[in-house]
1. Can you list residue pairs whose Cβ atoms sit under 7 Å apart, with the first residue in region 171-183 being surrounded by 19 or more Cβ atoms within 10 Å (Cβ to Cβ) and of a type in the set (G, A, S) and the second being assigned to a strand (DSSP E or B) and at pLDDT 70 or above? Count only pairs 6 or more apart in sequence or on different chains.
2. Output the number of residues of region 60-77 satisfying the condition of being β-branched (V, I, T), surrounded by fewer than 19 Cβ atoms within 10 Å (Cβ to Cβ) and touching an Asp or Glu at 6+ places or on another chain (Cβ under 7 Å).
3. Filter the strands (runs of 3 or more DSSP E) completely within region 99-190 down to those with at least 2 residues that are over 22 Å from D54 (Cα atoms), touching a Cys at 6+ places or on another chain (Cβ under 9 Å) and at pLDDT 85 or above.
4. Kindly provide the set of residues from region 78-87 that are crowded, with 17+ Cβ neighbours inside 10 Å and of a type outside the set (A, V, I, L, M), ordered by number.
5. State which residue is farthest from L183 (Cα to Cα) when the search covers only region 70-98 and only residues that are assigned to a strand (DSSP E or B), hydroxyl-bearing (S, T, Y) and without any contact (Cβ under 8 Å) to a residue 40 or more places away in the chain.
Amino acid sequence: MNRVGFRRALTVCAFAAAGCLSALPARADDMKDNPKYQAWAKFKPGSNSTIATDIEAGPNKIHLEITRTLISVTDKEAVIESVTTVNMMGQDHKQPPTRETIPVQIGKDQIKSTDDKDVEAMGKTFKCKVWEAAGDPDAKPQAHAAPGMDPSKKAVIYASDEVPGGIVKIEATGRGDKQVVFLLTAMEAK
């Protein structure tokens, strides 16, 4: 994979994973409480969590790690900063931090709760709420990207109240219909 393809793959993976529960504009009467906001609102700034996955891109194995940190929270929004690190061919590539503002409400059809499930991560069992985030049918994965999360397809998120940001596990479909699974590897609740 050339350098341009690698950067595109990294960008697609990072933005898709960090934005799995992001809000799209909707009319006020079509809004509901945003579970992503709620997952951060109970923690203090500085709280963070890290999710990671391993992806095969042809002969290359890529380890992708995303650390999300709560910067601020108000009664209207939470602001988080995400830092993505990719290890490819034994070298770490740390991307510049990105910030996301998470509104207190989202459109009713964007995400739905299905049930509860226990998920193993970090050597312990987390009781998680299972959420399905609708894919954006207008989103197009980049043609030369390695298998990362495809924003046009739905993602299943396993979220626990114990974890800053909630995410314990994400199951999503990648390019070429490959399954991509992110799992919680570290957290610090403040």
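The values are calculated or read from the model by the stated rules, or taken from the named source; none is laboratory data. Given the structure is predicted, the values throughout are model-derived calculations rather than measurements. Virtual Cβ from ideal backbone geometry, glycine too; neighbours counted across all protein chains shown.
1. A172/A155; A172/V180; G174/V180
2. So the count comes out to 1.
3. Answer list for region 99-190: 111-121.
4. The answer is S82, T84, T85.
5. This residue is S72.
Yes/no matrix, rows are residues, columns are (1) at pLDDT 50 or above; (2) under 12 Å from G166 (Cα atoms); (3) out of contact with any Leu (no Cβ under 9 Å at 6 or more places or on another chain):
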site	(1), (2), (3)
G19	no, no, yes
A26	no, no, yes
M31	yes, no, yes
A39	yes, yes, no
F43	yes, yes, no
E56	yes, no, yes
K61	yes, no, yes
